[in-house]
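Each remark here refers to the structure printed beneath this line.
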Amino acid sequence: MDASDPKPVGTEWTGPVIELRGLCRDFGSTRAVDHVSFEVPRGSVFGYIGPNGAGKTTSMRILSTLELPTAGEAFVEGISSVNDPDRVRSRLGFMPDSFGTYADTNCAEYLDFFARSYGLVGRERTRRLRWVMDFTGLRALAYKPIRGLSKGMRQRLCLGRALIHDPAVLILDEPAAGLDPRARIELRRIIRSLAAENKTILVSSHILTELAEMCDRVGIIEQGRLLARGTVEEIRNTLAPSRDIFVRVAGGTEEAMNLLSSLASVHDLRVEDARIHFSIDGDDDEQIRVLHALADARIGVLEFVSKDETLEDVFLRITQGRVQ
Ligand SMILES: Nc1ncnc2c1ncn2[C@@H]1O[C@H](COP(=O)(O)OP(=O)(O)OP(=O)(O)O)[C@@H](O)[C@H]1O
Ligand SMILES: [Mg+2]
């Protein structure tokens, strides 16, 4: 069956719930999104990570039917965001990165407006409004004017709006931006609990570590191109991260330096504070080979300590911070 075929009535779509296929978007001579492809299975959280101007918002807006691609396709539950936007909208909640101004509206009126615009009526509307207020912790703020809300409260309201029609898919564009540490932890909990209810979630951020814990898989994007994707561990491993090592030997520092400098995987070799510091390209096996080489040369190793690249180091290394 073609992915854009209608979903059969009464059965749940079993393919990828979100799919981008060779997605491209040009703005004049700027290619904001450059052949981006990935899939997100049901009930999982995909983190979309990249620096300013990487193309996150543009691709999320295309998926959410708010923008058209120059080439490629985007699907929600197998339905094309380009060819069938109305059916996609009913399945999807989008939380934009900026919040419009609604000067004289309070939270309850705001959510009620969106509930009505999604066609919710009667008891169903009351039930959904109540659920969203409780889930986002907005009940106590129901009659507070939106202009009086703090950033964190606005984020909750915006998430509530995205959830009002109980969509299967959530697209959250930098939901953690501007939140304090406690609110970030709370957001993580909310996102995981939505995934546990089988919602499929695409969430963006500039910061890999911010998303690493809550995402099943991540994609790293820069200048419109997806540079890496997979679980955080896969990304760490496939990018052949270098790891920093320091060694303290009982005398024979020069001999150890000579030996290490002859090994192909060793680089940035130097002595600091009476310890030998270096980096190795490779995995645990390579690290073991280096240690064995020292032992085989009968060099007295007193300490051998390795430090993996942090996630943030990996991110900074593979993205070059180029802004277009
Ligand atoms: N409407 C537009 N007109 C012209 N250029 C645009 C438009 N929207 C986006 N761009 C350009 O497309 C590129 C990608 O922008 P986008 O907003 O998708 O990036 P982003 O990853 O969301 O960045 P940020 O982290 O700053 O939100 C940028 O170079 C941006 O200037
Ligand atoms: Mg953006």
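The values are calculated or read from the model by the stated rules, or taken from the named source; none is laboratory data. Note that the structure is a prediction, hence the values are computed from the model and not measured. Methodologically, a virtual Cβ is constructed for each residue, glycine included, from the backbone with ideal geometry; neighbour enumeration extends over all protein chains shown.
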Problem - Selection status of D86, under 30 Å from G22 (Cβ atoms), under 30 Å from the mean Cα position of the chain (by Cα), charged (D, E, K, R) and assigned to a helix (DSSP H, G or I) - result: yes
Practice task
Determine whether the stretch 110-120 contains at least one residue that is more than 16 Å from ligand 2 (Cβ to nearest atom), under 23 Å from G47 (Cα atoms) and in contact (Cβ under 8 Å) with a residue 40 or more places away in the chain.
Solution key: no
Exercise for the section: Determine, yes or no, whether Y102 is within 22 Å of S150 (Cα to Cα), touching a Leu at 6+ places or on another chain (Cβ under 8 Å) and in the same structural domain as T58 (by TED's automatic domain parsing). Expected result: no
Handout entry: Qualifying position, being within 16 Å of ligand 2 (Cβ to nearest atom) and at pLDDT 90 or above, among I164, I245, I191, I171
Key = I171
Exercise for the section: Would you please name the residue that is nearest to I191 (Cα to Cα), looking only at residues in the stretch 14-34 that are touching a residue at least 24 places away in the same chain (Cβ under 8 Å), more than 12 Å from ligand 2 (Cβ to nearest atom) and of a type in the set (G, A, S)? Expected result: G15
Exercise for the section: May I ask you to verify whether S29 is among the hydroxyl-bearing types (S, T, Y), assigned by TED's automatic domain parsing to the domain that holds G148, in contact with a Gly (Cβ under 9 Å, 6 or more places away or on another chain) and farther than 16 Å from A168 by Cβ? Expected result: no
Exercise for the section: Count, please, the residues in the stretch 52-82 that happen to be within 16 Å of ligand 2 (Cβ to nearest atom) and either more than 20 Å from V232 (Cα to Cα) or surrounded by fewer than 19 Cβ atoms within 10 Å (Cβ to Cβ) (or both). Expected result: 13
Exercise for the section: Pairs only if they're at least six apart or on different chains, beta carbon under 8 angstrom, first in the stretch 302-324 and farther than 24 Å from L226 by Cα, second at pLDDT 75 or above and of a type in the set (D, E); list them, first residue then second. Expected result: S306/D244; K307/D244
Problem - Positions within the stretch 258-317 being over 18 Å from E234 (Cβ atoms), out of contact with any strand residue (DSSP E or B) (no Cβ under 8 Å at 6 or more places or on another chain) and assigned to a helix (DSSP H, G or I), in sequence order - result: N258, L259, I288, R289, H292, A293, D296, L316
Problem - Check on V232, surrounded by fewer than 21 Cβ atoms within 10 Å (Cβ to Cβ), modelled with pLDDT under 95, touching a helix residue (DSSP H, G or I) at 6+ places or on another chain (Cβ under 8 Å) and of a type in the set (V, I, T) - result: yes
Fill in the blank from the handout: Scanning the stretch 83-109 for residues that are surrounded by fewer than 18 Cβ atoms within 10 Å (Cβ to Cβ) and of a type in the set (A, V, I, L, M), the one nearest to S44 (Cα to Cα) turns out to be A108
Fill in the blank from the handout: Filtering the stretch 35-59 down to residues that are outside any loop (DSSP other than H, G, I, E, B), in contact (Cβ under 8 Å) with a residue 60 or more places away in the chain, more than 10 Å from ligand 1 (Cβ to nearest atom) and not aromatic (F, W, Y) yields H35, V36, S37, V40, V45, G47
Handout entry: Breaking point among (1) assigned by TED's automatic domain parsing to the domain that holds M95; (2) away from ligand 2 (no atom under 16 Å from the Cβ), for L260
Key = (1)
Fill in the blank from the handout: Scanning the stretch 167-183 for residues that are without any contact (Cβ under 8 Å) to a residue 40 or more places away in the chain and crowded, with 16+ Cβ neighbours inside 10 Å, the one nearest to ligand 1 (Cβ to nearest atom) turns out to be A176
